[in-house]
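Notes to accompany the following structure.
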Amino acid sequence: MKRLSWIWIAALWLVVGGACGTRKHAERNRNVPERSEAVQPARSKDRAAIVDYAKKFLGTRYVYGGTDPKRGFDCSGLVQYVYHHFGIMVPRTTKQYASFGKRINIKQVKPADLLLFSLYDDYKTIGHIGIVSKVADGRVWFIHAATNKVMISELEGVHVRRLKFITRVIE
């Protein structure tokens, strides 16, 4: 019975594609209409509140297409859920961020800014997103739904190589 369970999990993983950031996921979102919203004004204390609220979901399981903490989140579902809690409308899919918000450089990054990454298997296509949670001593950490749960990662290694751009959603 245990062996059958593992086979089922492996088959499901192959069908879903594993995590945010694969070409298979990007293909599924191809027909989602693009939308662009204005950057929302907000105070700096709102940035801390956004990060604190996002941290409440650390450990929540990853589910492709997931948009709530009970069933699980995917990367963009987490971002949308957190920002909507504060009345800030953001896109549902990573692809829609291509024309959303205000692009900034790494030297301007603040908590609650959004990091957009390429797919693992296609560096030209946006496929993953995270919320900046901390900036200190030239280092950046971010909250994201990846692989199997919501977690905090440092912007280093593969994340730096995949970083496409940084978007500011609140001023």
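For the range 85-98, the criterion of being without any contact (Cβ under 8 Å) to a residue 24 or more places away in the chain, under 19 Å from Arg61 (Cα atoms), of a type outside the set (A, V, I, L, M, F, W, C) and not in a helix (DSSP H, G or I) is met by none of the residues. Just one of the numbered conditions (1) outside any loop (DSSP other than H, G, I, E, B); (2) modelled with pLDDT under 95; (3) open to solvent by 10 Å² or more (accessible area, probe 1.4 Å) is not true of Gln80: (2). Residue-level check: of (1) hydrophobic (A, V, I, L, M, F, W, C); (2) open to solvent by 30 Å² or more (accessible area, probe 1.4 Å); (3) free of Cβ contacts under 8 Å to residues at least 60 places away in the same chain, Leu116 misses just (2).
Can you say whether Lys164 is open to solvent by 60 Å² or more (accessible area, probe 1.4 Å), assigned to a strand (DSSP E or B) and farther than 23 Å from Ala48 by Cα, as far as the supplied structure shows? It is true that Lys164 is open to solvent by 60 Å² or more (accessible area, probe 1.4 Å), assigned to a strand (DSSP E or B) and farther than 23 Å from Ala48 by Cα. Between Ile129, Ile143, Ile170, the distinction of being over 12 Å from the mean Cα position of the chain (by Cα) and open to solvent by less than 10 Å² (accessible area, probe 1.4 Å) belongs to Ile170 only.
Taken together, Ala19, Ala10, Ala98, Ala49 contain a single residue that is modelled with pLDDT under 95 and out of contact with any strand residue (DSSP E or B) (no Cβ under 9 Å at 6 or more places or on another chain), which is Ala10.
The values are calculated or read from the model by the stated rules, or taken from the named source; none is laboratory data. Keep in mind the model is a prediction, meaning the values are calculated, not measured. Here the Cβ is made from the backbone with ideal geometry for all residues, glycine too, and neighbour counts use every protein chain on show. For the accessible areas, the whole protein counts, side chains as well, though only heavy atoms, and no ligand, DNA or RNA atoms are used. Shrake-Rupley method; radii C 1.70, N 1.55, O 1.52, S 1.80 Å.
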